[in-house]
Structure formats: C-alpha cells, structure tokens
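Below is one structure, written out as structure tokens; the observations come after it.
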Amino acid sequence: MMLRIKRVPTVVSNYQKDEAEEGARHSSGCGRNCFRSCCLPGAKLPLYAFKKVSKVVCGKGSVGTENEEPSIDFLDSLLIGEWEDRMQRGLFRYDVTACETKVIPGEYGFIAQLNEGRHLKKRPTEFRVDKVLQPFDENKFNFTKVGQEEVLFQFEASEDDEVHFFPNAPIDIDNSPSVVAINVSPIEYGHVLLVPRILERLPQRIDHESFLLALYMAAEAGNPYFRLGYNSLGAFATINHLHFQAYYLAAPFPIERAPSKKITTTSGGVKISDILNYPVRGLVFEGGNTLEDLSNVVSDSCICLQENNIPYNVLIADSGKRIFLFPQCYAEKQALGEVSSELLDTQVNPAVWEISGHMVLKRKEDYEEASEENAWRLLAEVSLSEERLQEVKELIFESICCKIEEEIVTPVTLEESDDTPSLMKTLMRLKASNLLWCLCSSIIPFLSSGLWSFMEFSMVPLGFVA
Amino acid sequence: MEPQLGFVEQSFDLRYTGWVREALNDMPDCFTITDPCISGHPIVFASNGFLKMVGYSKDEVIGKNGRIFQGPETDRRAVMEIREAVRAERAVQVSLLNYRKDGTPFWMLFQMCPVFSKEDGRVINFVGVQVPIVLRKTRLSGLGISRNEINLCEDTVLRCCRREVCSDSILELRRESVSSSHDDREVEINEPCDASELEKTKASAAISNILSVLTHYSELTGRLMFLFSVKHCQDWPQLLILLLLFLEHAIHRTDALLPDMPIVYASDAFMKLTGYARHEVLGQNCRFLSGIDTDPTTQFQIKECIRSQQACTVRILNYRKDRTPFWNFLHISPVRNASGKVAFFVGIQIDDHCNYRELHGLRPEMRQLSVVGAVKVAVRSLSMGASTS
C-alpha cells in the first residue's frame, strides 16, 4: 500500500507552476534567467565566504578587508538588506508584515499568524508520505528552476580562513554553489531557503556536509532570532530538492523555552537530552568540542532516521548552538485517516515551524480562536508515542555509537543555560527592571491593537503641532 | 552608610534604556535625579551643568543626598518645604541657598517634580532642576509673577498632557505652582532673594525637557532601538536613522507639505550631522529639517509615498541647526506592527557629504534596506503582545 496525502503545495518560487503547466513550459525552452545551464553562463551573484571555525562558540562573521574594523553581523545585514530589496521589487506573493500575528496567551507562548494568502491559487496535490527518501525528479519543480532574481547570494566556506564578501561574483557552474534564495510565500520576515550545492540536484535528504553548511549559516548570522529548519519528506517537505528554511522572528519559540533532561554526552562533547513538558517528543543536541562534532552527531541521527524511513523535522536554534530533532508521524496518521476532521479542516501542516511553536493559520476563525489547548492538541498528534520514541532513540543511539546512560540532571531551561545568547540575556536582565517591563507590557497591547487614539495620546512627544 | 556607587547607578540604568545618560548629558541644564526607593534618597544622576555649578566631581555626588549642598545660611523653611514635597510626592519650586564644594554660597531656584511609574503609580524618581538666581535690586511685582507663572504652567500642561510617565507630575506641578503663588509674595518680603520670571521659565522648560527624555527612554522606542540598533546601526555611523510615528489622520491633511509624523527616535549619527540635541528633535515633525531652498516637489514626492504607504528614495536638501544646508540621500519605508497596520515610517539617510567608503562591499543603499528590514522585524516582533515569561 502506498500512503498519500492531498495538500496544497507551497509556492516558493514565482516560476513554480502546477505540474501540468510545468511540463508544458519545459518543452518550450527557457529564456527566463533561471539557475540552469541555459542561463547561468556569465551570471553573477554576491558571494559570502564564511570562515570555518573549530569552536562551537564561534565569533560572528567578521570581514577582514584592509584596515577595516571587522563588522559584526555582516551576514545578517546582507541577508536582510537583499531580502528587503526583493520585497521592494515586488517579488513576493504578499507582504508578510501585513499578516496579523500574536502571542497566544498562556504558559508556553505559542505564536499564531494569520496567513490567508499563502495557499491561494494552488490546487491540492497528492504527496507520497510513506517514503522519506525519494529520488530526485527533474520533471518536478526544483530550485534550478527559480529565477536568478530570487537568489540572494552564494554561501560557501572560505578557502583561506577569512571571511570574504564579493558583491559580484561569477557563478562557478563546475563547483555547484550553495545559494540562499527567497521563499516567495514567506511565513515571516526574511524567509529564505538555503540550497546546498544547488546544481548537484540533491534530493531532500540530510548529509554531513550539507547539515554543517546549515549550521555554519546559523552561527555566521549570529542572531538568535534567525533560525534554520528542515522538513524531511513525509514530514511536510513539499519539494524534493535538498533545502533548509530560515526566517527572522524576534521572540522566543516555545520549544526554546521547554526544559530538557540530559541523556548522555558523546565523546565529542555533544550533550543529548530529552525535551520535557512539550507536546512533541524529541531530542535536543547542544555543545560539542567543535561545531563539526555537533553537526556530525545531528546528521548521523538524521541519516539514521531517514534510512529507517522515519519522517522528521529539525530546528537549528540559538545561532547554531542548540538543535532540536523531532521524529513525527502526523502525515502517516493523516494518510491512514487517523486524524480528526476538526484538525484536518484547519489545513495546518505541522512542519518544523509549527512544531517549534509558530503556528501559521489559514482561516480567520482559527486565528481568532487560537488557544494553547488548540495548539497543543494539534502538536500532540504530531508526536510519536513514548514507546515508539524509545525505539527510535535506541536506533539513533545505536547508529551514533552511544550508550544511553540515564543521568539525573536538573532540567536546563533557556533562562538557566549558559549558552543563552547574549541578546536574550540582556533582555532578561532588562526584565529585572520593573519600570521598563511594566512600561513595555503596557505599550505592547495598544501597539498590536488598533487603539490609535490612545497611542497618539501617549506617544506623541512634546511640540507636536500642526 | 551611603549606598554603593555601582548599585546606585545601576538603579538608574535599569529604569531607563539605551543612551539615556548621553541624552541627559546633551542638555545644558543644571539638574539632578534622585531615587526615593533607595534608602537615603540618593542622587542617581547629576548633569554636567550641575557638577560644574557646584564644583563637585560626579563620584562625589552620586549616591549622596541633596542635603550635602546645604549650609549654615540655608533657609530651614525652604528645606522643610522640599522635604514635605518629597513625602507628599508632589512638585515644588523654592529659592534655596546652596553651597559649592569650596564653601561659597549661591542662590538658586530649585524646582522639583516626581516621576511616576506608569504601572503602579509609584514615584520612581524625582527630577530637581537648579537655576542660579542672578541677584538684582529691583523686584517684579508679586501679582505679575503669579499670573505669568500660571500661564507658563498651563502652557507646560498643554505641551505635556500627552505624555504618559509624567502627566501626573505636570498636573501636580501646576496645582502646586498655583497654590504656592501666595507664598511667593511672602517670600518676596522676607527673603533676600527671589527668582525672576525668566528663571522660572527656564526651570519649567528644563523640567519638561528632562521628563521628555526620561519618557522617551522608558518607552517602546527605547526598547525597540535597543533591539535593532545595537546590531545594525552602531557600526554604521554614516546612516542617520529617524523613526516617525505614523498617524492615520495626518495623511489626509492637505495644507502641509509633509504630513505630521512626530519623530520618536533619532540616531546618534543624526544628532551629530544636524547639530541638534536629541530632546530638540524628538516630537518634531521632519519638516523642521527643510529650509528655504528645499524643493517642494521632493517634499510632495515624500508626502505621496507616505499617503500611499510605499517606500521611496529621494535626494532632498535639508538644513542643520545652524541653518547650513546638506544633501540628504533619504530612503523612507512604512513599518507595520503585528496587526499588519502601518505604525511607523523609518527614514534612513546616508550622509552624502561625508567621505563615504563602501564598507565591506555592501552598498550604502543595501545598508539602508538592511536597517529598514531590521526595524520591520523589531517592530513586528515587539508588538506581538502577551509576554508569557
């Protein structure tokens, strides 16, 4: 039996058409400045070359040119700047900052967004969900078909241990560059796709090199509010061309606040823990003597899962210092008809962002009635059972050659962790200030509501005269 | 025992954000800020002007109670009046004989007002402005003073009623001033020195400016700027950043060349280039940068872009405080809050005049866009609501 679900595929590129249309277009030739051999010769794109670092706690990308002071957060600025440029050029299907968003009241702080435009104008398509690894299919949409204007920059390791930026670098076809492209249906500001070695046409499947690249991107951006995510096939990836997603959301995700309980530490110093007190069961990886240690343990685990045909999602948080791994079974349940129609009606696809606590809702009524209970109910369906997770964990630990030694440690919460990003730390310190906190909490409600008259009254400083 | 210096300063920094000290130090006035929540009611901030006037160093003043400036000839009644005002958490204005570090006495007009916390209404600080009184033989009529004083205070109220932190204190200030006008006449008879109208105006203006700065730095914009400017703006001194509050009704006005959008944040680079102090810029409409040779069609272009809630880039002739013109390569863009509505416009200018270098190959235009994006992320995320910690 083959398990399939029907869903509306996400339009990530302006050149992504319905399959039938796509086939017709394909035979008629190109001429649309795509990322394939027909259009690439002579094409140029900015190139950001990052410095390979050995420590996990890595410095932010500092660009060393001449006597220039190293600039912090260069990658961050480059990405946001290029993204805003594409926004002002009108390449996106909608302005995501015009989509309403809110923190759902409650203990966990789930974040809800009403996004009515994301799934319009697309027919539901059948997706096979019972095979995590599927071969690359050139006939289906893939990232070589995007327009070059949708690609922001090339991203690669520097050859000389220094960060470099070339505003106009030729695209080296033989070297198959890794690129960062916009997602034309963003779910938050700065939503991009990292496509490793785009021209190699890799299927959606984790390998060591690609995962390390994603981790470097998180570390290099150096912004805890810029997270990367990965969905395997069967866990709501819709495009079978290797890619990671990323976007900005300057608020903690509920998953980042969940406590954890240490299971073991690998020989490379990577601490592996169970996620506690969260609707989706999973593992957290952090630490490691080098970034590569951390990357290898996580990619080994991912490879183990995909080879065992277990769909999963990955979140790279805290600038690459913490990685969450969630094996999941929602799509399988959905295909088997085990998900309630009430949940299905919301059409929410629990991919990595939803699992992390950022719920993108398509119907106004779901947004207005969004509650912690509803979010929890959906995510609980995503999670493997305790027993099943135990089996999966055994598979994982076997493959990464670790003995599971249950150790009693105090749950590490975000607040307590030493690895808490400095920005967050500072914010938390600020929280100690009663006045500031109170002021902020008193200001935020009227910012988000439409109480303009109040805002006008309280925020207009002196000397405001007509 | 005096509270520890570090602790005292920290108490001040915790109440306000960002560059509040810098902003306060930009101001020429002589003033101190005290914290009644710390035992001994110590001074937590003293302006440069004040330190210069009394001849003490900052470290000799911070953490001390204001009484260290009093001496044998200081009128006990005036001191009692201040003490009573502190206890009753109200404003006060008295003439006071104080002593410099070298022991020389001097007369000054002391005006003090409480700063209330928005949250629980507690008094968190007192701002005390000291205006040196120039001794003179002829005195103004008592009646004249009180009328002027009332007018002045009403003016202050009109200008300040929209504030949130200080609204109460300003109302208090007026009540106090009105009721104390009788005392002034008594004072005039019994005291060797009285403040002139000019000095009182000066004191009131200083108070309102200080409150404006304090309010600004305890408001959203302070927190907001903290979030993004630390990351995106500090390294780029060539970028002048203004955040303008978007007011729905203002865009429908047809008489003004530029819509009314008060400035709620201005970057350090902006201050440096234009020569204004922060308190002179906040609350202003960006029209004040225009001058005689500013092209009205460019202003119209900006107005149209604001009206249609679009981003635009223009080259506009602006004027510094000293009225010298400069070319402003300005990009402005609407910024939406979490409910998806335009809440601000951010204006980012590249200092066209300064010898600009392409830092790390990122074009200045790209950096403008980068700041726009960072502001959008910050505003959207910060206005998302309910903190759940």
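Say whether the condition of being surrounded by fewer than 23 Cβ atoms within 10 Å (Cβ to Cβ) and over 16 Å from the mean Cα position of the chain (by Cα) is met by at least one residue in the stretch A:241-257.
Looking for residues that are surrounded by fewer than 23 Cβ atoms within 10 Å (Cβ to Cβ) and over 16 Å from the mean Cα position of the chain (by Cα), one finds at least one in the stretch A:241-257, hence yes.
Please count how many residues of the stretch A:91-140 are in a loop (DSSP other than H, G, I, E, B), more than 14 Å from chain B (Cβ to nearest Cβ) and over 19 Å from the mean Cα position of the chain (by Cα).
17
Might you let me know whether the stretch B:312-335 holds any residue that is open to solvent by 10 Å² or more (accessible area, probe 1.4 Å), at pLDDT 90 or above, in contact with a strand residue (DSSP E or B) (Cβ under 9 Å, 6 or more places away or on another chain) and within 8 Å of chain A (Cβ to nearest Cβ)?
No: the stretch B:312-335 contains no residue that is open to solvent by 10 Å² or more (accessible area, probe 1.4 Å), at pLDDT 90 or above, in contact with a strand residue (DSSP E or B) (Cβ under 9 Å, 6 or more places away or on another chain) and within 8 Å of chain A (Cβ to nearest Cβ).
Looking only at the stretch A:158-199, count every residue that is in a helix (DSSP H, G or I), out of contact with any Ser or Thr (no Cβ under 6 Å at 6 or more places or on another chain) and surrounded by fewer than 24 Cβ atoms within 10 Å (Cβ to Cβ) and tell me the total.
Within the stretch A:158-199, residues that are in a helix (DSSP H, G or I), out of contact with any Ser or Thr (no Cβ under 6 Å at 6 or more places or on another chain) and surrounded by fewer than 24 Cβ atoms within 10 Å (Cβ to Cβ) number 3.
Can you tell me how many residues in the stretch A:1-45 are modelled with pLDDT under 80, of a type in the set (D, E, K, R), over 25 Å from A:Asn115 (Cα atoms) and not in a loop (DSSP other than H, G, I, E, B)?
3
Looking only at helices (runs of 4 or more DSSP H) that lie completely in the stretch B:18-121, which have at least 3 residues being open to solvent by less than 50 Å² (accessible area, probe 1.4 Å)?
B:20-25, B:48-54, B:76-88
Which helices (runs of 4 or more DSSP H) does the stretch A:320-409 wholly contain that include 3 or more residues that are closer than 20 Å to A:Ile255 by Cβ and over 19 Å from the mean Cα position of the chain (by Cα)?
Hits in the stretch A:320-409: A:372-382, A:386-399.
Which residues, counting only those in the stretch A:97-147, are touching a residue at least 40 places away in the same chain (Cβ under 8 Å), among the aliphatic types (A, V, I, L, M) and out of contact with any Asp or Glu (no Cβ under 9 Å at 6 or more places or on another chain)?
Once the filter is applied, which keeps residues that are touching a residue at least 40 places away in the same chain (Cβ under 8 Å), among the aliphatic types (A, V, I, L, M) and out of contact with any Asp or Glu (no Cβ under 9 Å at 6 or more places or on another chain), the stretch A:97-147 yields A:Val103, A:Ile111, A:Val146.
For the stretch A:276-301: of the residues being open to solvent by 10 Å² or more (accessible area, probe 1.4 Å) and among the hydrophobic types (A, V, I, L, M, F, W, C), which is nearest to A:Trp376 (Cα to Cα)?
A:Leu276
Of the residues that sit in the stretch A:263-275 and are open to solvent by 10 Å² or more (accessible area, probe 1.4 Å) and at pLDDT 95 or above, which one is nearest to the chain's Cα centre (by Cα)?
A:Ile275
From the list A:Ser77, A:Ser54, which one is modelled with pLDDT of 85 or more and among the hydroxyl-bearing types (Ser, Thr, Tyr)? Full working, then the answer.
Working: A:Ser54 fails: modelled with pLDDT of 85 or more.
After applying the criteria, what remains is A:Ser77.
When you scan the stretch A:275-296, do you find a residue that is among the polar types (S, T, N, Q) and in a strand (DSSP E or B), even just one?
Within the stretch A:275-296 (the criterion being among the polar types (S, T, N, Q) and in a strand (DSSP E or B)), the answer is no, since none of the residues qualifies.
Looking only at the stretch A:200-245, how many residues end up being part of a loop (DSSP other than H, G, I, E, B) and hydroxyl-bearing (Ser, Thr, Tyr)?
Counting residues in the stretch A:200-245 that are part of a loop (DSSP other than H, G, I, E, B) and hydroxyl-bearing (Ser, Thr, Tyr) gives 3.
The values are calculated or read from the model by the stated rules, or taken from the named source; none is laboratory data. Bear in mind that the values here come from a model prediction, so they are computed numbers and not experimental data. Cβ sites come from the backbone with ideal geometry, for glycine too, and all protein chains shown count toward neighbours. Protein only, heavy atoms only, side chains kept; ligands, DNA and RNA dropped before computing areas. Shrake-Rupley method; radii C 1.70, N 1.55, O 1.52, S 1.80 Å.
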